[in-house]
Amino acid sequence: MRPESAVLTTPRADVYCETVEGFGTVRFTPVDPAADSAVLHSWVVEERAAFWGMNGAGRELVQEIYEDVDRRDTHHAYMVRLDDEPVALFQTYQPEEDRVSECYEVREGDIGVHLMLAPITDRPRPGYSRTLVDSLIRFTFRDPAVLRAVGEPDARNEKAIALLGRIGFVRQGEITLPEIDLPEIHLPEKRAVLAFLDRPARLPVAGAAPLHP
């Protein structure tokens, strides 16, 4: 599906793993900033990833950015692999500890999410995106205390907004995320679309122990 050079091995332990019949084994592993920076850099500098704001970044900067994420208890980045092949970057965060909290009233049980799918270099398999997204949803709601996912893609990113709609996110309107200018991180002001996905009824709300990195 993707170049052989994209396949990585990492000593970090998976925090979630599931085998989907007819699809393969999907694994979520905390990003290793040093080991994964080459693959992440190759993704974020592509034109399609412009809304991530790292098009002009070098590999060293990408590594530094994910080192900062790695130090946080409130924000997490995961490399998603299908049968050991990197297929997505998935990030989660606690909205109350993020600038999005200035734009809506955070509820108990909210979790923020960001997704970047890896580029597909040949003909995609039928149902590939839907099946992978289903794994992402199960991962997001693996903790029964999580009741709602929060998305806030760039308002200009029509593809991301359309994907959220297909997944089932309900659009709430546009918001403006304030600029963050700190020594360790700078995020410019961002016009975004706020959207929510309630916990799917098919998933349990009690009984399962949460997995944490």
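The values are calculated or read from the model by the stated rules, or taken from the named source; none is laboratory data. This is a predicted model, so every value here is computed, not measured. Positions of Cβ are generated from backbone atoms using ideal geometry, with glycine treated the same way; all protein chains shown enter the neighbour counts. Note: accessible area is taken over every heavy atom of the protein model, side chains too, but ligands, DNA and RNA are not part of it. Shrake-Rupley method; radii C 1.70, N 1.55, O 1.52, S 1.80 Å.
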Within the chain, helix-based [θ] at 222 nm, where runs of 4 or more DSSP H residues each add -39,500 (n - 2.57), nearest 500: -7000 deg cm²/dmol
Roughly how many Å is it from the Cα centre of segment 99-142 to that of segment 14-31, as a whole number? 14 Å
FRET E, pair ASP70, ASP181, Förster distance 25 Å, beta-carbon r, rounded to 0.05: 0.70
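Would you work out what percent of the accessible area of segment 94-200, with all protein chains in place, is carbon or sulfur (probe 1.4 Å)?
Numbers: 2860 of 5850 Å².
Result for segment 94-200: 49 percent of the exposed heavy-atom area is carbon or sulfur.
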Starting from a Cα-only point model with no solvent, please compute log10 I(q)/I(0) by Debye for the chain at q = 0.17 1/Å. -1.42
One would report the antiparallel percent of DSSP beta bridges in the chain, rounded to the nearest 5, as 95 percent
Please compute the length gained on full extension between THR131 and ARG171, using 0.36 nm multiplied by the number of residues separating them and subtracting their Cα-Cα distance. 12.2 nm
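Calculate, for the chain, the solvent-accessible area per residue in square angstrom, rolling a 1.4 angstrom probe over the heavy atoms of the protein chains.
On a per-residue basis, 53 Å².
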What percent does the relative contact order of the chain come to when contacts are Cα pairs within less than 8 Å and at least six residues apart? 18 percent
Starting at the first residue of segment 103-114, write each ³J(HN,Hα) from the Karplus equation 6.51 cos²θ - 1.76 cosθ + 1.60 with θ = phi - 60°, in whole Hz, x for Gly and Pro. 10, 7, 8, 5, 9, 4, x, 7, 9, x, 9, 9
Amide H contacts under 5 Å for TYR16, placed H, 5+ residues apart: PHE28
